[in-house]
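Have a look at the structure below before the remarks.
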Amino acid sequence: MSDPKSNAAANAAALIAAKQAEIRAKLAKFQEQQKGGTTNTTTRPPLPTTSSSTRPNYSRIGNNQRNGGSNATDPDLIQQKIAEAKARLAKNLTNISSTSTTTTTTPSVPSQPRATAKGIYVPDAKGRVGTPQVGLDATGSIDLQAMLSSIPKREVATAKANQRQKKDTTPASGIIMKGRFDKTKNPYLDESIETKSLIPMKRKPRQLKFVQPGKFIEKANKERKHAQLEKLKQEIAENVKKAGMETELDISDKALKKEPGPLAEWWDVPFLPNKDYADMDITPVKPEELDQLVTLYVHHPIPIKPPSEQNNVPVVRSLMLTKKERKKLRRQRRHETQKEKQDKIRLGLLPPDPPKVKISNLMQVLGQEAIQDPTKIEARVRKEMAQRQKQHELTNEQRKLTPEERRQKIKSKLDEDKKLSNEVAVFKVKNCAHPKHRYKIEVNAQQLALTGIVIVHPKCHLVIVEGGPKSIKAFKKLMLRRIDWNDMPTPKNENGTSKTTDMMDIDRFNVGGEENKCYIVWEGQVKSKAFRKFTWRAFDSEKMAREELSKWNAENYWDAATAITEEALAARQPEI
């Protein structure tokens, strides 16, 4: 019987020998690379080949185990096999070392590896022996983990991202700048551009620029001359207006009436002793003395309501319904009324309505009675029809408002319209002195409860009206759309003859064959009304017209109407 332990030892020895040969070949190649660097030769060391004689015969070992293994117990046989394995291992190492010496440029001293119980020692090129290159573990096999950990690793960036990051972290800025102008490293480099122009230059320090003497003095003198010229123009314009002459200067919005500004704004008054900004030049304000006035709190002005909402309750508008919805509500309301009436008839509170007999349903309603005396029945039916028609008309007349009630209703609506806001509209007409036009303007102003004035002057005819929003809207339609200003027939008396009095002389304000038009100059809201009633005035002088309007603080309307041209007015007319 063969010993199983001896067979296992033989198999292990054979496997160890094969693995040791393979590892030694790899180790020799690595040492060659360390000594001579990276070589350009592509020659690879030959791998250790095991022939059929050196290869362990596992079948024979198995047969010996099955046949009893009589030779396995011989110690001489085991020692012989171990010696053969060591001889094969030494032979392979010799071949590997001889191959590595041929590939290197410097000759090396051949040396033989030495195997011990701690590991396999491989001498270096000078014959020196150090620590074991291939170590063994506790079981006697090769310690692969220790061998791999002892092999040094090269720092090679494999991924493109790692390579880019490694290049960006280099501290040498000169190398980076040098690489920017290398065609191999920068494929986008344009060789036609000079390299010096691409290198960023340092910013040059700015030079001091001194102000030339007398620069600001000259600027101040120009501003003083301009202010004096404006003051002179204003004085000339005021003198011309007082004389009643037409001014040829450029009249802008400054010529309109405006209230002068305060000497100091209300938020600056606590900081000024005399409430005037002139105090700033005499006694400057010291911030350290104003601790009580200047605080961290923000002062918010009291909001001022518009004139239309100061004393009035906000108007709640009723919901606007469509025609279909209004019909539906009327139908429901009449149905409820009819149902209540029917309930009262059932309870006996009201007498039942007589049958509504017509010529069309005469035979269906009366029946036998109509057959007996058709003529009598037809006369009675026609009488009932006339009576119902008369009752219907009488009921409608009773529902109508009387003339006094109608006037009172219109007046109340106009009064409510006035309470909303005070609207003003200013119109400019070439000629509105014709009796036909004058009648329409005066009557409509009276019916719409408007106040204002009409100024008739050869230069322009000005119409100023004040009232509620609805009244002004209706008057605008009258002036801009309803009146045909070119329709000016000859005025006639009651007997049909032509009227040739001085007051109705149309030739006095003839437009000279031009088209007569009406333009709206301005419209908007004012705080309070300026006129008490609607009047008509005719003047030959501009000074007299301005004096009349100045009584009502409305001369700014005249300035605005005379300053603007007809082309500018025509360009900004609203669509009515």
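The values are calculated or read from the model by the stated rules, or taken from the named source; none is laboratory data. These numbers come from a predicted model, not from an experiment. Here the Cβ positions follow ideal geometry from the backbone for every residue, glycine too, while neighbour counts run over all protein chains shown. Heads up: the accessible areas ignore ligands, DNA and RNA and are worked out on the full protein's heavy atoms, side chains in. Shrake-Rupley method; radii C 1.70, N 1.55, O 1.52, S 1.80 Å.
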Return yes or no: is residue 556 open to solvent by 30 Å² or more (accessible area, probe 1.4 Å), under 53 Å from the mean Cα position of the chain (by Cα) and at pLDDT 85 or above? yes
By residue number, the members of the stretch 500-522 that are at pLDDT 60 or above, open to solvent by 30 Å² or more (accessible area, probe 1.4 Å) and either farther than 29 Å from residue 550 by Cβ or not hydrophobic (A, V, I, L, M, F, W, C) (or both) are 513, 514, 515, 517
Just a yes or no: is a residue in the stretch 427-436 farther than 30 Å from residue 490 by Cβ and open to solvent by 10 Å² or more (accessible area, probe 1.4 Å)? no
Assess whether residue 258 counts as being modelled with pLDDT under 80, within 30 Å of residue 556 (Cα to Cα) and of a type outside the set (Val, Ile, Thr). yes
